[in-house]
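A quick write-up on the structure given underneath.
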Amino acid sequence: MRMQILAKRFFTPLACLGAALFLTSAPQAYGQPAAQDAAATAQPAVVSTPELFQVVDPAALQLGTIMDFAKRDITITLRNIHSEPVHIERIRVTCSCLSLAAAPPATLLKSQEDITFTVKLDAAEIKPGPFTRMVLVEVKERDITLVYINGTVQSMFSFTPGQILDLGTFAGRDVPWERSFAIASKFPAQQPVSLQPPADDELFSYVLLTDNPQVFKLTVRPKLPLPAGKVQHQVQLPVTGVDNYGPVVLAIYGLVTGWWPVLENNQLHVALSEHKPGEPIVKTLRLVLHEQTAAPQGKKSLAAIRHDHGHHQAEDNPNAIATEELASDSVKQIAFWEAIAKDITARLPPAVSMATTAQADSLLVSLSFPPDFFARRRRQIIPFSYGKNSCGMLTITARP
């Protein structure tokens, strides 16, 4: 999934298969191949079974420093240096940052014969910094041969508050809001690079502004009401001015619940002595809006967008929407609570009735019990719901 792809550039661990040999290479200026260094320095084996294959051009596997979001085609030629033919059954990759341009067919490779194939690398899926990735060559009746690709990914943009915007858990119904990404280019000033605005989509609209050629601001606004459920949304900004680069990818996360009224107090005490015999017993309670906590912070793999996330209160997250929603005038209207009342239900015992009264900041609920209701049972539990959400379990305790 593309949302998983975005998180991988921050958290992808280096894979390690068996007793793999990992190569290292000195960092280069961005975009510069490592051919000179590779030729000038004695390199260790670039395959895990050097007695079987030889890489004809090992320098092609030393990428040097490349830009994040860059795309590279890597041509690999393997030569059978074994004295006998080898049967290559399959060539494959294990990282989503790599793909085969065309999967080579099963091949019987004679001694001193070559096989050539092209691997496409997408640096957007690699965490900035040094990296090693592998191409797997499956040979009949032999161990898998590992071909190593090395390099260093250099970030060419910085992002504030980050590349992932956590909106927290929020209603997402009828309170407008906006959030922004600040994007600063690290390209040399003499190299004009420009971001192009993303197209509006089904969830959000976007406005891209720039004060100078090096700094961009992307403003995000929701198309309300947002559908309930997880928000795992990707935004792509095309890049112009540099070849084989981009788009810049941003992510928006959150959990949309709709409005969530809850019982202000889930305990209700009834003093029977305070009520006149033979008259109904009427008690009142309040429903208020649930104060949401923030959604899990995105740490899955942009190595899944797959680790567990930590939870934190909405006020700890400056981009959380819930606090802004609860402070809005929209939720302080009688009409708002009248609309909430239409979807409030309760599993009432027989002969018990319920009435609601909307206020500016809450919903009053009146429960009417028959005069002899608590003579049979002094304790009752009544569940309340709003649509598919639970508003809480009301425990009613009667005493003489």
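Laboratory data are not the source of any read-out in this text; all were calculated from the coordinates shown. The structure presented is a predicted model; accordingly, all values stated were derived computationally and were not measured. Virtual Cβ from ideal backbone geometry, glycine too; neighbours counted across all protein chains shown.
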Charged-residue dipole, Cβ positions (Lys, Arg, Asp, Glu), segment 317-400 about Cα centre, Debye nearest 20: 740 debye
Dipole magnitude of segment 157-256 about its Cα centre, charges +1 at Lys/Arg Cβ and -1 at Asp/Glu Cβ only, in debye to the nearest 20? 160 debye
Which entries of LYS230/LYS283; LYS127/LYS217; LYS186/LYS223 have Cα-Cα distances beyond 26 Å here? LYS230/LYS283; LYS186/LYS223
If the cut-off is a Cα-Cα distance under 16 Å, which lysines reach LYS110, setting aside same-chain residues fewer than 8 apart in sequence? LYS140
Which whole-angstrom value gives the distance between the alpha carbon centres of segment 112-170 and segment 267-282? 70 Å
Treating only the Cβ of Lys, Arg, Asp and Glu as charged (+1, +1, -1, -1), what charge dipole size does segment 54-98 show about its Cα centre? Round to the nearest 20 debye. 100 debye
Please turn the phi angles of segment 119-126 into ³J(HN,Hα) values with the Karplus equation 6.51 cos²θ - 1.76 cosθ + 1.60 (θ = phi - 60°), one per residue in order, whole Hz, x for glycine and proline. 10, 9, 10, 10, 5, 4, 9, 10
